[in-house]
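One structure below.
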Amino acid sequence: MKKKLAVCLVCVFFLCLGVSAGAKTLKLAMDADPVSLDPHVQLSGGMLQYSHMVFDPLVRWDKNMNFEPRLAEKWERVDDLTMRFYLRKNVKFHSGNPFTAKDVEWTLERLKRSQDFKGLFEPFEGAKVIDDYTVDLVTKKPYALLMNMATYIFPLDRKFYTGTDENGQPKDLIAKTGPSFALSHESGTGKYTVGYREQGVKTEFKAFADYWDKKSPGNVDTIILTPIKSDATRVAAMLSGDVDFIMPVPPQDYARIERDAKSKLVTMSGSRIITFQLNQKRKPEFQDKRVRMAMVYAVNNQGIVEKIMKGTATTAGQQGPEGFAGFKENLVPRYDLEKAMQLMKAAGLEKGFECTMIAPNNRYVNDEKIAEAAASMLSKINIKVNLKTMPKAQYWDQFDAQTADIQMIGWHPDTEDSANYTEFLLMCPNKETGYGQYNSGNYCNPKVDRLILASQTETDQDKRATMLQEVEQILYDDAAFIPLHWQNLSWAGKQNVEIEQIVNVQNFPYFGDLVVH
Amino acid sequence: MFAFIVKRVVQSIFVMIVIAFIGFCIKHQIGDPVRDIVGISVSAEEREALREELGLNDPFMIQFGRFLKNAAQGDLGLSYFFKKPALEVILAKAPATIELVLVSSLFIIIFSIPAGIFAAIRPRHWFSRFMMGTSIVGVSIPVFLTAILLIFVFSVELNWLPSYGRGETVNIGGWQTGFLTIDGLIHLILPGIALSSIMLPLFIRLIRSEMMEVLETDYIKYAWAKGLKPGRIWLLHAFKNTLLPVITVGGVQLGIMIAYTILTETVFQWQGMGFMFLEAVERSDTSLLVAYMVFVGVLFVVVNTVVDIIYGLVNPMVRITGRK
């Protein structure tokens with residue numbers, strides 16, 4: 001009986017396999033699904049991944065961190081404040097409406113109203129429509145990151161989102177807690193339209209027949225996205241062949257997937273830096289540069305990467321990874337216990353002191369273990385660390401209240417640019433300007449602030465890079481924070497799925513271009 | 001009977017208010033829901049404005065009063081994450097959990113009754129000893145471990161059964177059921193086994209010990225002396241009286257089983273209420289949490305009431321309780 005049942009089940013399994021192979025359907029499992037269909041409701045990795053499937057940006061990043069034309073075919077600088085975009089013609093929205101410059105203008109205005117995006121689009125004055133297929137983006141001051149921001153402009157269908165819905169609310173309302181029209185309806189220019197959707201359970205993406213990009217090699221008609229939160233289950237689904245593509249892959253399972261003949265693993269060094277901030281206001285000892293330096297020297301971040309992250313991260317000595325404008329090759333990770341002890345002695349603190357540390361335990365990969373390791377490394381230079389870890393739901397309130405002397409934070413710049421790290425993590429905290437919002441170390445160096453502010457309006461990219469590199473050098477020499485590593489990005493899929501071609505360091509896989517053999 | 005039910009309803013309303021109050025107390029400790037619905041780089045003022053808008057800055061008693069007032073009208077609040085009424089979210093997830101619990105209960109009933117009876121009748125048989133031995137192991141392995149082991153063996157290594165989710169479901173009047181498709185049924189097997197793995201050994205042991213006790217009583221001895229057939233003695237006379245404590249425990253355990261689904265559902269990505277609850281905790285979706293607690297409270301009250309009624313049907317002596 002059991003055998004019969006087994007045979008039956010195997011038959012059913014192969015039947016399913018046969019069906020899916022014919023129709024070029026991709027079964028995709030991610031750790032979460034898009035929280036809504038409105039791309040402006042929340043700024044998060046998941047929502048941007050969704051935007052790249054259903055909408056198209058003006059430009060997007062290519063693998064080498066250059067800008068690739070999408071809905072903008074070309075662009076040119078008109079003056080210090082203005083960039084002119086020439087838009088693609090014959091592009092249709094999912095609703096059938098044609099795409100024009102007015103949609104870009106409308107989308108930018110909506111972005112400036114979105115709670116999550118308004119900060120990023122604050123430097124923009126607005127968009128000026130020249131003709132149907134030409135639009136100027138105008139900034140208030142010269143703005144270095146204008147093109148970076150253009151990767152976030154996914155034009156929405158102005159006509160589709162205009163008017164009021166059955167509840168009498170405007171259709172373009174950006175509702176955080178819903179319900180609203182835009183939360184459940186979409187009309188973009190992207191390769192996929194959203195078919196069936198049950199939030200948290202399943203989302204079906206269907207290829208859009210009138211998609212403009214005929215040159216794209218992508219051949220996937222249907223993507224079935226299932227969120228699988230549990231790491232072990234997501235990997236099991238991949239290994240058992242229930243899904244074709246998973247992201248992210250938990251580091252402890254890298255080896256398991258590589259051993260599997262049917263699957264392949266793709267990893268890439270990411271740009272999320274994990275750091276510890278040393279609170280100089282709470283702990284007077286941390287005001288002494290030698291003490292901070294000693295702590296940087298005492299933390300063996302290479303060891304953490306090897307032993308705890310199992311080599312699935314890149315050891316960091318500065319904030320931005322290679323490829324970022326501020327990256328400086330000479331700023332290497334520092335670990336030297338001998339030197340750390342000498343520095344402590346020079347500061348007159350060879351007997352050490354006691355301090356507190358907090359870290360989340362479900363926010364970053366292995367965050368709790370990393371904090372434990374760092375605490376025990378610091379004990380070698382007689383700094384006794386009382387560590388407390390907690391779930392992220394509670395962590396950020398504690399972080400903001402600065403309840404501990406040492407606090408962990410990871411940061412990925414929304415702008416994909418070096419300055420963003422410093423703006424949030426290390427500029428002098430200032431409630432009015434919002435700079436230093438996550439600077440719980442209270443490190444404050446007017447020179448750094450000046451350089452960063454100057455870099456914002458410097459449109460000569462070479463000059464700007466020099467400024468940002470100087471910032472990194474100052475932070476390095478000042479031991480402004482303890483750098484640990486950049487987390488790796490990871491994806492896994494069946495052998496016939498060409499993952500390598502569509503993934504990038506921003507972690508926005510371009511599913512429209514995905515080839516499945 | 002009627003008086004009994006009325007009493008129960010009054011009791012349960014009181015219980016609900018207490019649960020809601022406790023839920024509200026915890027809610028403020030779980031975290032700030034606003035953190036989860038905005039990106040990390042959103043400024044503090046924006047977050048504050050949103051808190052104000054959602055009424056999260058009001059004093060505790062005002063928030064609680066508002067909740068009670070709305071709850072009386074059947075409105076348990078909006079889920080921050082799903083951006084839909086919390087009750088709607090819970091009801092949409094309930095079929096998945098109920099079907100899972102139903103399947104595991106079925107597994108438990110089908111296996112525990114014959115196994116328990118056998119172990120009671122033939123306590124020294126090798127199979128009885130084997131069962132008692134393995135049941136200890138079964139009870140002591142946590143559900144999530146059983147679940148992961150099952151996935152590893154049957155999905156990853158043998159490739160027989162699917163590893164996650166509910167498979168294909170059919171919508172019957174808003175009830176998403178997995179019972180009507182082969183795919184849906186196949187998807188039920190592993191989670192069903194995992195969920196029953198804790199309760200099954202417990203019930204085998206319970207039935208065995210109760211039955212052994214009953215077999216020692218005078219009326220059974222009398223039945224033997226009367227020369228009745230063994231089958232009749234075991235199944236009709238002894239087993240029926242074994243059932244009483246089993247039903248009581250079963251009722252309580254049914255509630256606990258719904259709670260255990262949190263683990264099983266998380267591992268199998270089973271889209272039920274338990275999974276939703278855990279995610280809501282992680283996202284600090286506090287309004288959904290409170291709604292869920294109230295909902296589960298109602299469920300417990302209903303299950304216990306039903307068990308009491310069944311109890312009365314099986315044992316006429318108990319019926320008096322309702323007639324006071």
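Under the condition of being basic (K, R) and more than 9 Å from chain A (Cβ to nearest Cβ), which residue from the range B:25-75 is least open to solvent (accessible area, probe 1.4 Å)?
B:K27
Could you please give the count of residues in the range A:302-314 that are open to solvent by 10 Å² or more (accessible area, probe 1.4 Å) and within 18 Å of A:S376 (Cβ to Cβ)?
Qualifying residue count, the range A:302-314: 5.
Against the conditions (1) within 11 Å of chain B (Cβ to nearest Cβ); (2) polar (S, T, N, Q); (3) in a loop (DSSP other than H, G, I, E, B), where does A:Q398 fall short? Just the number, please.
Every listed condition holds for A:Q398 apart from (3).
Tell me which of these B:R122 doesn't satisfy, since it passes every other one: (1) surrounded by 15 or more Cβ atoms within 10 Å (Cβ to Cβ); (2) more than 14 Å from B:I193 (Cβ to Cβ); (3) in contact with a helix residue (DSSP H, G or I) (Cβ under 6 Å, 6 or more places away or on another chain).
(1)
Just checking, how many residues over the range A:108-156 are outside any loop (DSSP other than H, G, I, E, B) and out of contact with any strand residue (DSSP E or B) (no Cβ under 8 Å at 6 or more places or on another chain)?
Of the residues in the range A:108-156, 5 are outside any loop (DSSP other than H, G, I, E, B) and out of contact with any strand residue (DSSP E or B) (no Cβ under 8 Å at 6 or more places or on another chain).
Residues being of a type in the set (D, E) and modelled with pLDDT of 90 or more: count how many of those fall in the range A:11-65.
Count: 2.
Being under 25 Å from B:M276 (Cα atoms), aromatic (F, W, Y), in contact (Cβ under 8 Å) with a residue 40 or more places away in the chain and in a helix (DSSP H, G or I) narrows it down to one of B:F24, B:F4, so name that one.
Residue meeting the stated conditions: B:F24.
Condition first: assigned by TED's automatic domain parsing to the domain that holds A:Y192 and either on the phi > 0 side of the Ramachandran plot or part of a loop (DSSP other than H, G, I, E, B) (or both). Can you find one or more residues in the range A:45-54 that meet it?
no
Anything in the range A:235-250 that is more than 8 Å from chain B (Cβ to nearest Cβ) and either in a helix (DSSP H, G or I) or out of contact with any strand residue (DSSP E or B) (no Cβ under 6 Å at 6 or more places or on another chain) (or both)? List them, or say none.
A:V235, A:M238, A:P250, listed by residue number.
Out of curiosity, is B:L100 crowded, with 18+ Cβ neighbours inside 10 Å, away from every other protein chain (no Cβ under 14 Å) and under 23 Å from the mean Cα position of the chain (by Cα)?
Here the answer is yes, as B:L100 does meet what is asked.
If I go through the range B:249-293 residue by residue, how many of them are more than 30 Å from B:S209 (Cβ to Cβ), more than 10 Å from chain A (Cβ to nearest Cβ) and open to solvent by 20 Å² or more (accessible area, probe 1.4 Å)?
2
So, in the range A:186-232, exactly how many residues are under 19 Å from A:D38 (Cβ atoms), assigned to a strand (DSSP E or B), within 14 Å of chain B (Cβ to nearest Cβ) and open to solvent by less than 50 Å² (accessible area, probe 1.4 Å)?
4
Examine the range A:251-263 for a residue that is in a strand (DSSP E or B) and open to solvent by less than 50 Å² (accessible area, probe 1.4 Å), and state whether such a residue exists.
Yes - at least one qualifying residue is present in the range A:251-263.
Assess whether A:K345 counts as being among the basic types (K, R), open to solvent by 40 Å² or more (accessible area, probe 1.4 Å), at pLDDT below 95 and in contact with a Leu (Cβ under 9 Å, 6 or more places away or on another chain).
No, not satisfied.
Being closer than 29 Å to A:M295 by Cα and buried (at least 16 other Cβ atoms within 10 Å of the Cβ) narrows it down to one residue among A:I499, A:I482; which is it?
Result of the check over A:I499, A:I482: A:I482.
Looking at the range A:148-185, which of its residues are of a type outside the set (S, T, N, Q), away from chain B (no Cβ under 14 Å) and buried (at least 20 other Cβ atoms within 10 Å of the Cβ)?
Within the range A:148-185, A:A150, A:I153, A:F154, A:P155, A:L156, A:D157, A:R158, A:F160, A:Y161, A:D172 qualify.
Would a scan of the range A:267-277 turn up a residue that is surrounded by fewer than 18 Cβ atoms within 10 Å (Cβ to Cβ), in a loop (DSSP other than H, G, I, E, B) and under 25 Å from the mean Cα position of the chain (by Cα)?
Looking for residues that are surrounded by fewer than 18 Cβ atoms within 10 Å (Cβ to Cβ), in a loop (DSSP other than H, G, I, E, B) and under 25 Å from the mean Cα position of the chain (by Cα), one finds none in the range A:267-277, hence no.
May I ask you to verify whether B:F203 is within 10 Å of chain A (Cβ to nearest Cβ), touching a helix residue (DSSP H, G or I) at 6+ places or on another chain (Cβ under 9 Å) and assigned to a helix (DSSP H, G or I)?
no
Suppose the filter is in contact with a strand residue (DSSP E or B) (Cβ under 9 Å, 6 or more places away or on another chain) and assigned to a helix (DSSP H, G or I); does A:E368 pass it?
yes
The values are calculated or read from the model by the stated rules, or taken from the named source; none is laboratory data. Bear in mind that the values here come from a model prediction, so they are computed numbers and not experimental data. Backbone-built Cβ (ideal geometry, glycine too); neighbour counts: all protein chains shown. With ligands, DNA and RNA removed, areas are computed over all heavy atoms of the protein, side chains included. Shrake-Rupley method; radii C 1.70, N 1.55, O 1.52, S 1.80 Å.
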